[in-house]
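The values are calculated or read from the model by the stated rules, or taken from the named source; none is laboratory data. Keep in mind that this is a model prediction, so the values were computed, not measured. Note: ideal-geometry Cβ built from the backbone for every residue, glycine included; neighbour counts use all protein chains shown. Just so you know, the surface numbers come from the protein's heavy atoms only, side chains and all, with ligands and any DNA or RNA stripped out. Shrake-Rupley method; radii C 1.70, N 1.55, O 1.52, S 1.80 Å.
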Amino acid sequence: GWSIEFILFHFLNPIRTEQNVPKHSTPIPMKTKTFFFSGVKYADSAGGFSYEDSGKLLSVTSNRFIHWSTSGDTVQFVEQSLDTNLLNNAVRLRIPNCLLLPGGVCIQETFNNVIILIVTSQSVHRLVLPHPSHMYRSDLVTELQMQSIFTDIGKLNLNEPAHSYVLPFAQGTQTSAPSTSAAWISHQGEALFALASPSGAITVVTLPAHDQDGTVSILELKQSSMMQRLAGWMPTAIRGDQSISDLAISLAVHQLEDDTFIFALCQDHKLRMWSLKHQMCLLVTDMLDYMPAGRGEVKASPAQAHKLRLFFSSSIGLCLAIYLAVPKRSQFCVLQLVASENNRYSLDHISTLFSTQETLVDFVLTATDIWAVWLDNDNQTVAKYISFEHNTTGTWNQVFVQPSPEEEVHVGEDQDPREIYLDVLFSPLRFTASAIIKALQIYKRGTERYSDLSWEELKKEVTVTVENELQGSVTEYEFCQEDYRLLQVEFWSKFYACCLQYQDVLSTPLALHISPATAMVCILKKGFVSFLLPCFAIDHLYLSSDDYLISEEETPIAEDSEMSHDILQLVQCLRMVNESLPEDMAYDMEKALEDLLSPEKVSEKVLEGLLASDNGNVIQDIANKLQDINNPIVAINMLLRELDLETDAETDSRHSGQPLRVRISLSQLYGSSVAASLIGQAVCQTAMTRTLLCRDLLILQQLYLRIGNNVSSAQLLQLQQDFIPRCSNLLCTYHLLKQMSLTLSSSVPLDILNADLQHLSVLELSDSTTPTSRRSVLNPQTVVELFYQNVARKAIMSQIFSQQDVEGNQTMLHWPQMISSVLTLFCHWPSNPSFLFPECLMVNCQYAQLQVRHQLSLNCSQNCSRSSKALQCFQEAAAEVDKEEFLMKLTGSDEEAATATTPRLLYYNKVLRLLEDIGLPELVVNLATLAISEAVNDERCQAALWTRIFKHHLDLGHNSQAYEALMQNPDSSRQLDCLRQLVVVLCERAQLRDLVQFSFVNLHDEVCQNSHSCMYLTGTSPKRNYDGEFAADPVSQQIDILELKDLEKEYVLARSRLTLAQQEPPSAAIAGGANSQEMVALLVQTGLFDTALTLCQTFNLSLTPVFEGLTFKCIKLQCKGDRDQTEVWNWLAANQLPTVITTKESSATDEAWRLLAHYLEKYPSQNAQYHCCVINKLLSHGVPVPDWLINAYKEVDAAALLRLYLNYDQLESAAELVLEYVDALLGKGHQYFGIERPFSATASLVWLPYTSIDQLLRNLSESQINEKNLKDKLAEYHRLVDQSSRHRLKAR
C-alpha cells in the first residue's frame, strides 16, 4: 500500500549565486543516508521536469516546473512556478518495503495529462494527473495563487492494478535486485519501465495506456540478440548465460517514430544500444577506446560510477555524453549517433573533455555545453560548464557558489552573545528554516513540529530553548558578568554548530536540472533548490581566479586587445588589494559606510595603514603591476561605466498598447514568492560583490594619487576630482542596496496599514499600491522583495516588453536573458530620482527601514506626537521642490494649480491638505503663515492662505488671531465671507463681548447687517444691566430625549467594549471609539463570538461576519493540529459551549466545530444562508465540509449546495449529490432533502436544477471522472417523468 503526506513546502534561500566558496579549516563530514536492500545500495537521488510551454509567456505553464527527490522508500514531489504561487504543491509518497531505484522517477506530459512513472526494487507505478492547461476554466491567470496538479492526488487509487504492478521477482533476493532503471511513455500512451538486472539483462515492463484496457507484458533483452515474451520473471542468472560484466550501471532511452533505443553503459566499460522493435543489440562500443592512456589498468576493474546522458534536437540529431569515472583520469566523451543503410549504426567522436578530480554528482548535456556538479574533498558543491565543440583550451567555466555560513561567530567583548548569534542565524542568505527547525528539535530532544510558526515566532522559540538549556545547567546562584557571558557563548555556539551541521546536510547536491524551454539551470539539493544566474561581465572579472582568465579574449567589457589587457591588469590589482586588506580595516570601511562617513577619507586612512604594515611588500607588488597598465585612466573609467547605475529609462507600470491577454500575463510574470525571493537574493549577491569591488577600486585610486606613476598631472586631477567622487558615490549606493537586501520587512497589522493608506490618499499618488502579503509564515520577506512585488516588478516587465509584439511573436522566456534584464533594471532604484522606493516603504509602514531621505517624512506627524519634527521636515523639503523629481510629480498635477503660480506654493497646498486630513490645525496655521512669504506677488494665493489661517484659528477658539487674519485678507469677497462666518460663530458661542470689541475698520456696515440678521435668527442680542454694563451671557441648554431601546443599545455596546478589553487588553484603545460594526469585527477576531452575536442582534446587523470568523478559526485549527492550544481554549471558554455528556476527551478543534454547529442550530436564517456562508468559506480554503453540515444544508437547499460544489470544482461531490437528489425525488431517502412527497403520478410537481446539472456534465466530460453513472441515473429519471406525465394526461 501507499501512504500520502501533503507537506507545507517552504522555499527558503532558493538561490546560490556568484561568490567564491571559502574552504573549511576543519571539514565537517557529510551525512548521506544510503539504504541497503539485498546487497544493493540505493543513494538519495533527485530530478526535475519542465513543461514544454514553460518558456511561452502566454501559457498557463510559463516558468512552471516540477522537481522531486527520493530517499529509501519515499519520493517527494514539488511543483513550483516563478509567476504564480501554487497551492497544495508538495506531496510525499511512501511505498513501504520498496526502495526507489536510480533513475526510477520519470515525468512526461501529454495533451490532457501529466504522467508520473515510478520504479522501485519490487514494483512499478503510474500516476495520472490533470494537465495545468485543462485544470482551469481559462488560460488567462488572474489570481495571485492557483491550485497545483497535486491538489487532488489524494483522490487517486494508487493501488489500482491498471496503474501499479508488483514485479514477479519481488522476493528481494540478492541476485534479482535491479541496479538502475529508466521509464518513459510511448507514442501510443503505454508506460514502459526498463530495469537492469544484476545478471546483465535488461527487463522491460509495459503497462497499457491508462485510458485503455490491456495486460501487463514483460520483455527481457539479453546478449543472445533475442527477446522473449515471458508469463513471469525468470532471472537469467539461473540459466547462467550472462556475464556479470554486462551489468548496466546507467540507462538512457530515446524514442523514434517506430522504434525505441535503450542505451546501456555497463560494468565492462562498454556502451550497448538495444532496439525494442527489432529485439536485438544494434551497437556495442568499448568506451576505453576513447581513453588516451592507461586502458589496461582501467579494464581490469569493473566500472562503478560511469554515467550516461542523451540530447536530441532536429538540427543536430542524437548526441551522447559518457562520463568515465576513472581514478585520476576521469573524462567526458561526447559522441553522435550516425545511421547507415541496413539498420546499421555507428558513433562519431565529437569531443573528449577531462574533468577535475572531485566526485561527480550529476551532469547534463545540452546542444552546446556540458553542465556538471561535483562534491570536492571538503564536501562543498562545485558547479562548472564547458562547450564541447568550441573550447580549444579545455578549460571549464566557473560557477560562483554562495558561501556556506561561517563556522565560528565572533562575539566582541562589549556585545551580547544572544543578539549576535540570533542576527547571524536569522539573517537572509545564511540558514534555511528547515535547518533551524531540525536543530531545534534535536536540541530539545523532542518531536515537536514547528511548521506553523512565523519567522519571529521561530526566533523566539530558539531564544527560549537555548536560554532554558543554559539556566538548567547553572548550579551556582551567583555569577560574575564575564563568567555568565562565557556560558552564553558556549551554549549559543553549541546550537549554532547544530544548525551548521544540518545546513550542510540540506545543501548536499543530488542532481542537476536544465529547462529545455527556458535554459534555466538548477541544482537540486536535499533541502532546497539552487538557481544558477548569469554573471555580469564586471562581476565575472572580479570573481574569477587568475587561472580562468588566461587571455584577453576572456574579457567581455573591452573590444580591442590593448584595452582588454589593461582591464585584466586592473582587475588583478583589485584582487590583490582585496587579499591584502586585514579584517579590521575591512570592518572600518564597513562601519564608515553605516555611519555615513566619507568613504574617500576612510579609504585614505586604510591606505596609510596598508603602507605602514606592508611587511610582505604586497603594496609594492600592486604598484609594480600598475606599471603594466598602458592607459589606467581609460581602464578605470570603463570599470566605473560598467558599475554606473544611472539610467534614463522610464518606469511606467502601464502596459499601454498591449492586448488584455498580454497585459494579464505580464502582470503575473515573475510574480510568485519564489521569484521574489530569488531576485531579492540575486540583487543582494550582486550588491555585495560590487560593494567590495568599489571599495577596492577606491583604495587603488588613492594609491595612484600617492605614487603618481604612469599618470600625468592632468590625469591625476581627473582622478581626484571626477573618478574618486564617482567611485565613492557608487560605493555608498551599492552598500545601501546590500543593506536593504539584508533587511527584513516588518510585519504590520492590517488596521495600521489601512490607516496609513487613508492618510496617504490625500497625496493622490498613482504609483502607490495596496500592500498585500504573499509569503508563507516561515519565509521572511526582505525590504527589497517587498519593493519588487509591490512596485518594481510591473514597471520592469512593462519596460522589457514595451517595444515587442508579444502576442504576434509568441515571446519566449529565455531565463538567462530575462533575469539579466530584470536585475539590471531593478538595481537602478537607489539612484532613481522617482522616489518609488521610499514611497513603497511609507505605504507599507516600514518606518524603521526607511533610511534613504527624509525630505517628505509624510507619516512622522502621526506617531509619537512629533508634530514639530514633522513641520521641520516639511520646511526642509520645500527647498528641494524644484529639484526633486518625486516632489515635482507630487505638485505637477494638482487641481489647485489654477490658484498657485510656483511649484513651491503647490507643494504647500498639498501638504496643508494632508495636515488638515490628519487633524493638526496648529501645524496648518504655522505652515500657512510660512507659505504667505512665498506668495508676496500673488494676491489670489495670499487670500486663500489667509482664509485657511482664519478658519483654523476660529475653530481653535483663537478669536483675536482669526480677526487679524480676516483683516489681512486682500480679497474683499473672501474677507466678507470670513466676516460673515466670524459673526455667526461668535453669536452661536454667545461670545458677543469679543464681537463688539473688534474695531472692524471699513467693515462697520457689513458687521451691523450680519449681526442683526444673526441675532434675529437666533433670538439673541447683547443685554445691559441697570448700570449700563453687559449682562452675563445666558446659558443655552439642549435637551435630547432618548428612548429605552437607545439606552439598551448604548449599554450593550459599552458592555462589549468592556468584555473585549478584559479578554484582549491591547485592543482597549481601539475599541474605545469603535462603532457597532467595527466592534463586531474586533470581537470576532478575538474569539468573543457570544458577545458579537448579542451585539449583532441588538443593532440588527447581519450574523454573516460572525459565522465566517468562527469558520476561519476552525480552518486554522484543522490545519494546525492540537499543538499548544492554550490560547484556543481561552477564547473557547469565553463563549457558552453546549453541554454534551461524553466519555471521549475532546480537543479544542472538536469544541470549535461543536460551537459552530451550535450557532447554526441556534440562529436559523432564511434559506440557511449562514450554512451557505460557512460551506463557501470551507471550500474556498480547500477544507473538506463536515458531513453534518452537508446533511443540514442539503435538506434546505440542495441546488445551492450543488452550485457551491461547481464553483470550487468539487466535481465528484457534485456528482454524488445529484445522484442522491435524484434518488430522493424518486422516493429513496427523500426525507434527507426536505422533500415531503417524492415523485409519483399523483404527487405534486418536482424539479431538478437542470442548468447546474448541465454544467456538471460538461465539466465531467473534460475531466478524468467517469460520468456514466450520473447519465444513467438521469436517463432513468427522465423515463419515469415521461411515464408519469403520460399517466396524468390520460387521467384528464
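Numerical summary
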read-out	value
Extension gain (nm, one decimal) between Ser973 and Phe312, 0.36 nm per residue minus Cα-Cα	229.4 nm
Label-to-label distance, nm, for residues given as Asp547 and Glu594 (7 Å Cα→Cβ offset)	3.5
Rg over Rh, two decimals, the range 1115-1235 (C-alpha only, Kirkwood Rh)	1.01
Estimated FRET transfer efficiency (Ser1180, Lys444; beta-carbon r; R0 35 Å; 0.05)	0.45
Rounded accessible area of His210 (nearest 10 Å², 1.4 Å probe)	50
Residues whose placed amide H lies under 5 Å from that of Asn113, excluding near-sequence neighbours	His131
Solvent accessible area, Å² - Lys1271, 1.4 Å probe, full protein context	100
Computed FRET value (nearest 0.05) for Ser1146 with Ser1285, which takes r as the C-beta separation and R₀ as 45 Å	0.30
Exposure ranking of Lys1290, Lys1045 by accessible area [1.4 Å probe, largest first]	Lys1290, Lys1045
Where labels lie 7 Å past Cα in the beta-carbon direction, separation of Asn637 and Thr356 in nm	3.9
The range 596-634 and the range 1146-1216: distance between their alpha carbon centers, rounded to Å	74
Solvent-accessible surface (1.4 angstrom probe) belonging to Ser1067, in square angstrom, nearest 10	20
Cβ-Cβ FRET estimate between Asn1130 and Arg706, R0 fixed at 60 Å, reported to 0.05	0.30
For peptides 155-164, 667-676, sequence by mean Cβ density within 10 Å, most packed first	667-676, 155-164
Leu930 versus Lys460: modelled label distance in nm, points set 7 Å from Cα along the beta carbon direction	4.1
Given Lys1228/Lys1290; Lys56/Lys794; Lys1120/Lys1194; Lys459/Lys1116; Lys328/Lys384, the pairs whose alpha carbons are separated by over 25 Å	Lys1228/Lys1290; Lys1120/Lys1194
Extension gain, Leu283 back to Ser1076 (0.36 nm per residue minus Cα-Cα distance, nm)	277.1 nm
In the range 961-1008, the trypsin sites (Lys or Arg not before Pro) that fall in loop regions by DSSP, at most 15 other Cβ within 10 Å	Arg989
The range 1076-1123 - Debye-derived log10 I(q)/I(0), Cα point model, q = 0.15, 0.20, 0.25, 0.27 Å⁻¹	-0.38, -0.60, -0.82, -0.91
Label-zone membership for the range 282-312, site Gln336, 7 angstrom Cα→C-beta point, backbone N under 17 Å	310-312
